[in-house]
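Accompanying notes for the structure given below.
The values are calculated or read from the model by the stated rules, or taken from the named source; none is laboratory data. For clarity, every value in this text was computed on a predicted model and none was experimentally measured. Positions of Cβ are generated from backbone atoms using ideal geometry, with glycine treated the same way; all protein chains shown enter the neighbour counts. Ligands, DNA and RNA are stripped out before the accessible areas are found, and what is left, the full protein with its side chains, is counted by its heavy atoms. Shrake-Rupley method; radii C 1.70, N 1.55, O 1.52, S 1.80 Å.
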Amino acid sequence: MRVAVVGHVEWVEFARVENVPRPGQIIHALETWQEPGGGGAVAAAQLARLAGSCLLFTALGADDLGRRSRAELTRLGVEIRAIPDAEPTRQQFTYVDEAGERTITVLGEKLRPGGGDSRLPWRELAGLDAVFFVSGDVESLRHARRARVLVATARELPTLREAGVQLDALVGSGEDDAELYRPGELDPAPHLVVTTSGGLGGWVQPGGPFRPAPLPGTVVDAYGSGDCFAAGLTFALGRGDSVEDAVALAARCGAAVMTGRGPYTAQLDRP
């Protein structure tokens, strides 16, 4: 399996708390830690666990956080394709409450890979088994379409509309207004649309509802669950699994990551 992600990376500071503070409240963190995050980073790490390695086409700031992100993701089996950007690495602050739910504040502008940057080896995407498009510009999406299977997040609908490429699958959350897709919004229409609904499972078009995967342990941290779901779907479709089997593997990936601290400690290994 040869797979890749086109997307962004952010440096995340996590704080575990009993509850997210109300206006005016002062609370004490029970635990804190830092590591690279963002949809591109999390999905690439999960794909690397499933496939053995994963290319990540991204943009990293030419700063210490950009260098630390590159080092940490490389350690996780991700092969970085990025040119240092003059802008600082985007940061993120995430509360994780006692129920494992995450509440996110982002600081700064998202750094997106540019498809017109000739310094990036976009030709490497041609002929890959699967690519997951998390964020980027129109030209980077068109480069991604050179893979055999292309999956994209519904959070990037404006870019998807402008590019007008054929998607093998579109994946999004039915619980997030920013990821709602309505039939007819994309031309050509995706071959497959997968909408997740947390503990309720989700819906596949065409296909119908699907059940959530059982949790392999206690919920610790929901950060990255949706990204790991999408990565699992991308891997399975690229491998040639049926839609039913691909969604089942994706659900297992989304459930597994919720049982570990942060987005990497409990990712699903290759089945």
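For region 97-131, a residue qualifies if it is in contact with a Leu (Cβ under 7 Å, 6 or more places away or on another chain) and assigned to a strand (DSSP E or B), and the qualifying residues are ALA130, VAL131. Taking residues in region 213-233 that are within 18 Å of ASP245 (Cα to Cα) and of a type outside the set (Gly, Ala, Ser), and partners anywhere that are open to solvent by less than 10 Å² (accessible area, probe 1.4 Å) and part of a loop (DSSP other than H, G, I, E, B), not one pair has Cβ atoms closer than 6 Å while being at least 6 places apart or on different chains. Scanning region 159-194 for residues that are open to solvent by 20 Å² or more (accessible area, probe 1.4 Å), within 26 Å of ILE104 (Cβ to Cβ) and at pLDDT below 95 yields SER173, GLY174, GLU175, ASP176, ASP177, ALA178, GLU179, LEU180, TYR181, ARG182, GLU185. Right, PRO36: in contact (Cβ under 8 Å) with a residue 12 or more places away in the chain, touching a strand residue (DSSP E or B) at 6+ places or on another chain (Cβ under 7 Å), open to solvent by 60 Å² or more (accessible area, probe 1.4 Å) and not small (Gly, Ala, Ser) or not? Considered against the rule, which asks whether it is in contact (Cβ under 8 Å) with a residue 12 or more places away in the chain, touching a strand residue (DSSP E or B) at 6+ places or on another chain (Cβ under 7 Å), open to solvent by 60 Å² or more (accessible area, probe 1.4 Å) and not small (Gly, Ala, Ser), PRO36 comes out as no. I'd like to verify a number: residues in region 201-217 that are open to solvent by 30 Å² or more (accessible area, probe 1.4 Å), part of a loop (DSSP other than H, G, I, E, B) and not hydrophobic (A, V, I, L, M, F, W, C), how many? Residues in region 201-217 being open to solvent by 30 Å² or more (accessible area, probe 1.4 Å), part of a loop (DSSP other than H, G, I, E, B) and not hydrophobic (A, V, I, L, M, F, W, C): 7 in total. Return the residues of region 218-248 that are at positive phi and either among the β-branched types (Val, Ile, Thr) or open to solvent by 30 Å² or more (accessible area, probe 1.4 Å) (or both); say none if nothing qualifies. Across region 218-248, the qualifying residue is only GLY240.
When region 67-87 is filtered for residues that are within 17 Å of the chain's Cα centre (by Cα) and over 17 Å from PHE57 (Cβ atoms), only GLU72 remains. In the set (1) in contact with an Asp or Glu (Cβ under 9 Å, 6 or more places away or on another chain); (2) in a helix (DSSP H, G or I), THR74 fails one condition alone, (1). Reported count of residues in region 60-96, each being of a type in the set (A, V, I, L, M, F, W, C), open to solvent by less than 10 Å² (accessible area, probe 1.4 Å) and out of contact with any Phe, Trp or Tyr (no Cβ under 8 Å at 6 or more places or on another chain), is 3.
Return a yes/no flag: does region 154-169 have any residue that is in contact with a Gly (Cβ under 6 Å, 6 or more places away or on another chain) and not hydroxyl-bearing (Ser, Thr, Tyr). Yes, region 154-169 has at least one match.
On inspection, LEU56 qualifies as at pLDDT 95 or above and surrounded by 23 or more Cβ atoms within 10 Å (Cβ to Cβ).
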